[in-house]
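Report on the following structure.
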Amino acid sequence: MVIPIFLLLSLSDHPLLIMMFHVSRHTFATMTLTAGGDIYTTSKLLGHTNVHTTEIYADVVMEKKADAVNLMNGLFG
């Protein structure tokens, strides 16, 4: 069994690993919601006790959708 190096190190001693862990979780949540995953399941997968915590990622996805729609401005006008 291969154990990832970040599991062997104390996160409190390595701020870069803390950031990498956070970015990985954020990416996972955003990609899951963008792909159509529901917010409740994503919340549970992330270990959030409150679905409101996960809504932060849903806001990012909504912004991406709005940006995509706004790309169409001017094409039909």
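Of all residues in the stretch 34-52, those satisfying the criterion of being of a type outside the set (Lys, Arg), assigned to a helix (DSSP H, G or I) and at pLDDT 90 or above are Ile39, Tyr40, Thr41, Thr42, Ser43, Leu45, Leu46, Val51, His52. Residue pairs whose Cβ atoms lie under 8 Å apart, separated by 6 or more positions or on different chains, with the first residue in the stretch 60-77 and charged (D, E, K, R) and the second surrounded by 10 or more Cβ atoms within 10 Å (Cβ to Cβ), are Lys64/Thr34.
Residue count for the stretch 26-77, restricted to those that are surrounded by fewer than 10 Cβ atoms within 10 Å (Cβ to Cβ) and of a type in the set (Val, Ile, Thr): 2.
In the stretch 53-77, of all residues being small (Gly, Ala, Ser) and assigned to a helix (DSSP H, G or I), the one that is nearest to Ser24 (Cα to Cα) corresponds to Ala58.
The values are calculated or read from the model by the stated rules, or taken from the named source; none is laboratory data. Bear in mind that the values here come from a model prediction, so they are computed numbers and not experimental data. Cβ coordinates were reconstructed from backbone atoms using ideal geometry, including for glycine residues, and neighbour counts include every protein chain displayed.
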